[in-house]
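Below: one structure, written as structure tokens.
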Amino acid sequence: MTMTLFPMPRNERLAGTIADRAGFSVGKLELRRFPDGESYVRLHSLVAGCAVAVVCTLARADEQFLQLLFTARLLRENGARSIQLVAPYLAYMRQDRRFQDGEALTSRQFAQLISCEFDGLITVDPHLHRYRALQEIYSIETESLAASPLLAEWVRDNVERPLIIGPDSESEQWAGAIATHIGAPHAVFTKLRRGDRDVLIAASDLTVWRERTPILVDDVISSGQTLAHAAREITAQGFPAPICLAVHGLFAPGAEELLKAIGCRIVTTDSIAHPSNAVALGPLLGQALVRQLTVVDAKRLRRTPK
């Protein structure tokens, strides 16, 4: 099965990894900005009749979203038969209900914009809290991949006698899955969030596992406050500073420094390019692209008039 990948800026390495493992080609796309800040987009590859995928992790989506939509529209205008979006980190999932009158339900609005331009979406561990599945808001083919088996493999290969710890109840799904995969014990703390950067952590007693290496697991490192508070609770019980293991390393300003000041080692997947990347998603994403393209092509054929 042939496919051409088009990486958006800062996604070239991830696209190359996917292409190498799946046997895809990487197309040439020229993206730059005029002096006034507007975008210039030019396609340097032939795509007529071809299946293509745009690789664009959507961390800080506001900075690149128009370029992404322009690229998708350009590929369609040049005859691409199908266009998939590989977005390992999927933005605008947290605003999943109206918390106050007059708020925009941005998760649904964002999904509508993506669904207008792409035939399929592949992402990794999206923030599904009040939504049970992406299909509730996206009208295109979607696949949500789980990174926990890959994170578990990293722990198994790099840490002796690990203790897996979730900093809050939402992290239980990753901490529990990793612990089960490698046969390690795990614990989950309780969190009270009072603001974007104001959290309280209630830690359980870990002393029975004193001889183990603590690993804090979460889906996203953003402000770093949750993991930092949990890490301090761990060291207060006589453990060394934990390894902080996450799917997505967003790293708001000061987050990385906050965790390193405690002595934490940080490990993330390459869903967002960062020096902490140690877990490759390329093989997982490549397999998903092939699966989804089969479905997208089948639907296209059913819609084609005979």
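The values are calculated or read from the model by the stated rules, or taken from the named source; none is laboratory data. Quantities reported herein were computed from a predicted structural model and do not represent experimental measurements. Neighbour counts are summed over all protein chains in view; Cβ atoms, including those assigned to glycine, are modelled from backbone coordinates with ideal geometry.
Quick one: residue 174 ticks every box in (1) under 20 Å from residue 94 (Cα atoms); (2) at pLDDT below 95; (3) out of contact with any Leu (no Cβ under 6 Å at 6 or more places or on another chain); (4) not polar (S, T, N, Q) bar one, so which box is it?
The single condition residue 174 does not satisfy is (2).
Which condition from (1) of a type outside the set (Lys, Arg); (2) more than 22 Å from the chain's Cα centre (by Cα); (3) surrounded by 15 or more Cβ atoms within 10 Å (Cβ to Cβ) is the one that residue 236 breaks?
(3)
Applying the selection to the range 28-60, what residues are of a type in the set (Gly, Ala, Ser) and touching a helix residue (DSSP H, G or I) at 6+ places or on another chain (Cβ under 8 Å)? Steps first, please.
Let us first name the residues in the range 28-60 that are of a type in the set (Gly, Ala, Ser), namely 37, 39, 45, 48-49, 51, 53, 59.
Passing the criteria: 39, 51, 53.
Would you confirm whether or not the range 119-131 contains a residue that is in the same structural domain as residue 59 (by TED's automatic domain parsing), at pLDDT below 95, exposed (fewer than 13 other Cβ atoms within 10 Å of the Cβ) and more than 23 Å from residue 295 (Cβ to Cβ)?
Yes, because at least one residue in the range 119-131 is in the same structural domain as residue 59 (by TED's automatic domain parsing), at pLDDT below 95, exposed (fewer than 13 other Cβ atoms within 10 Å of the Cβ) and more than 23 Å from residue 295 (Cβ to Cβ).
Can you pull out every residue in the range 1-54 that is aromatic (Phe, Trp, Tyr) and either touching a residue at least 12 places away in the same chain (Cβ under 8 Å) or surrounded by 14 or more Cβ atoms within 10 Å (Cβ to Cβ) (or both)? Break it down into steps so the answer makes sense when it comes.
Filtering the range 1-54 for residues aromatic (Phe, Trp, Tyr) gives 6, 24, 34, 40.
Within the range 1-54, 6, 24 qualify.
Here is a list: 285, 206, 245, 227. Which entry is assigned by TED's automatic domain parsing to the domain that holds residue 123, of a type in the set (A, V, I, L, M) and in contact (Cβ under 8 Å) with a residue 40 or more places away in the chain? Give the derivation first.
Working: 206 fails: assigned by TED's automatic domain parsing to the domain that holds residue 123; 245 fails: assigned by TED's automatic domain parsing to the domain that holds residue 123; 227 fails: assigned by TED's automatic domain parsing to the domain that holds residue 123.
None of the others qualify; the one that does is 285.
Which condition breaks for residue 93 when tested against (1) closer than 16 Å to residue 6 by Cβ; (2) touching a Ser or Thr at 6+ places or on another chain (Cβ under 6 Å)?
Status for residue 93: all satisfied but (1).
Among the candidates 72, 104, single out the residue that is at pLDDT 95 or above and either of a type in the set (A, V, I, L, M, F, W, C) or not in a helix (DSSP H, G or I) (or both).
Details: 104 fails: at pLDDT 95 or above.
The match here is 72.
Yes or no, residue by residue, for (1) part of a loop (DSSP other than H, G, I, E, B); (2) at pLDDT 95 or above; (3) closer than 14 Å to residue 9 by Cβ:
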| site | (1), (2), (3) |
| --- | --- |
| 32 | no, yes, yes |
| 47 | yes, yes, no |
| 53 | no, yes, no |
| 57 | yes, yes, yes |
| 62 | no, no, no |
| 68 | no, yes, yes |
| 76 | no, yes, no |
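Being hydroxyl-bearing (Ser, Thr, Tyr) and farther than 21 Å from residue 280 by Cα is the filter here, so list the residues in the range 10-43 that pass it.
Matches in the range 10-43: 39, 40.
Kindly indicate whether residue 56 is out of contact with any Gly (no Cβ under 9 Å at 6 or more places or on another chain) and closer than 30 Å to residue 149 by Cβ. Full working, then the answer.
Numbers: out of contact with any Gly (no Cβ under 9 Å at 6 or more places or on another chain): yes; closer than 30 Å to residue 149 by Cβ: yes.
Yes, satisfied.
Can you go through 179, 111, 184, 152 and tell me which one is within 26 Å of residue 286 (Cβ to Cβ), crowded, with 19+ Cβ neighbours inside 10 Å, assigned by TED's automatic domain parsing to the domain that holds residue 231 and modelled with pLDDT of 95 or more?
Details: 179 fails: within 26 Å of residue 286 (Cβ to Cβ); 111 fails: assigned by TED's automatic domain parsing to the domain that holds residue 231; 184 fails: within 26 Å of residue 286 (Cβ to Cβ).
Only one candidate passes the filter, namely 152.
Considering 157, 96, 101, which residue is free of Cβ contacts under 8 Å to residues at least 60 places away in the same chain and not assigned by TED's automatic domain parsing to the domain that holds residue 290?
Working: 96 fails: not assigned by TED's automatic domain parsing to the domain that holds residue 290; 101 fails: not assigned by TED's automatic domain parsing to the domain that holds residue 290.
When all the criteria are applied, what remains is 157.
Kindly list the number of the only condition in (1) more than 17 Å from residue 123 (Cα to Cα); (2) of a type outside the set (Ser, Thr, Tyr); (3) touching a Gly at 6+ places or on another chain (Cβ under 7 Å) that fails for residue 28.
Every listed condition holds for residue 28 apart from (3).
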